[in-house]
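Single-structure report; data block below.
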Amino acid sequence: MSSVSGDSDNRDIDENDQQWGRELESRTITIEAKRIYLDLKENKGGRVLKISEVVVGGQKSRVFIAMDVMPTLVEQLKKFAEFAESLKDGTDGKRQISGGLWKSESFFDETRQYYLDLKENARGIFCRLSQISRSRGGSRNDNRQHIVIPNSGLKTFANNLENLLLEHGGEHVKTLSEDGKQNLLSASDLPKAKTLRASNKKMFFFDPSVNTRGAYIRLTELHPVTGNRSSITVPLDSLKQFKEVLDEMCKEVPAREVIPVVPGNNGDGDH
């Protein structure tokens with residue numbers, strides 16, 4: 001069960017909240033025994049949504065979503081909710097990516113990388129939204145924060161974010177190219193996302209997206225054992241050249257199976 005309140009009482013209050021600017025709207029979502037707080041702020045840098053929850057030990061976990069990436073987050077949350085709903089009818093034809101992980105997506109803005117993971121454990125199915133700082137020189141685990149949304153409230157969570165986007169997005173969601181001109185491509189114009197399962201059980205995700213810098217394809221590798229992920233992005237206008245380079249390399253691959261390099265001999269063994 002889930003419920004929504006517009007009351008600001010007992011919501012997540014931070015002593016440093018003033019640095020995020022004035023508050024536009026605050027909501028509290030109750031999902032089972034969990035409370036998730038939505039605080040939409042505005043400052044000179046734009047509008048940002050702070051999503052927070054109180055975790056074990058009274059510590060607060062927070063994820064910050066810029067308005068420009070809100071459409072992507074809402075779209076992915078809806079897809080995750082639909083997929084989770086389909087699992088209730090059985091898992092025929094569906095396979096977990098790795099232990100307990102059913103579905104995974106990622107996206108980013110200029111300062112943060114975000115991951116959505118639909119997982120299952122003994123308590124049931126849930127969605128984990130993680131945020132990692134993309135600051136230079138930092139490791140992948142630096143400044144990691146995450147919010148956990150039980151499956152029973154995933155649709156409610158997505159609907160609330162969509163409502164905030166519709167009510168407060170408007171001109172604050174922009175799609176611009178590098179030269180500042182209006183980019184005519186929207187998310188609906190992009191190709192569909194693809195997934196590739198390699199022979200070594202690694203998963204590769206090809207995710208088209210759009211941000212303030214333009215359209216691009218994000219290629220993410222997910223290691224099945226460690227769960228570690230790494231990503232690169234290819235601007236959409238460079239995709240053809242990217243493919244041509246891969247085509248040339250494929251032609252040069254011998255027909256026979258390539259013998260893997262033993263770590264410590266002549267390679268790093270990262271395959």
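Note on region 48-70: among residues that are more than 16 Å from residue 27 (Cα to Cα) and among the small types (Gly, Ala, Ser), the one that is modelled with the highest pLDDT is 61.
Is it fair to say residue 75 is surrounded by fewer than 20 Cβ atoms within 10 Å (Cβ to Cβ), in a helix (DSSP H, G or I) and among the acidic types (Asp, Glu)? Against the criterion (surrounded by fewer than 20 Cβ atoms within 10 Å (Cβ to Cβ), in a helix (DSSP H, G or I) and among the acidic types (Asp, Glu)), residue 75 qualifies.
If we keep just the residues of region 202-217 that are part of a loop (DSSP other than H, G, I, E, B) and either modelled with pLDDT under 75 or of a type in the set (Val, Ile, Thr) (or both), which is nearest to residue 39 (Cα to Cα)? My answer is 212. Assess whether residue 16 counts as being surrounded by fewer than 15 Cβ atoms within 10 Å (Cβ to Cβ) and modelled with pLDDT of 80 or more. It is false that residue 16 is surrounded by fewer than 15 Cβ atoms within 10 Å (Cβ to Cβ) and modelled with pLDDT of 80 or more. Is it the case that residue 183 is at pLDDT below 55 and either under 16 Å from the mean Cα position of the chain (by Cα) or exposed (fewer than 15 other Cβ atoms within 10 Å of the Cβ) (or both)? No, not satisfied.
Looking only at residues in region 21-63 that are surrounded by fewer than 18 Cβ atoms within 10 Å (Cβ to Cβ) and among the hydrophobic types (A, V, I, L, M, F, W, C), which one is farthest from residue 166 (Cα to Cα)? The extreme case among them is 56.
The values are calculated or read from the model by the stated rules, or taken from the named source; none is laboratory data. These numbers come from a predicted model, not from an experiment. So basically every Cβ, Gly included, is an ideal-geometry build from the backbone, and we count neighbours across all protein chains shown.
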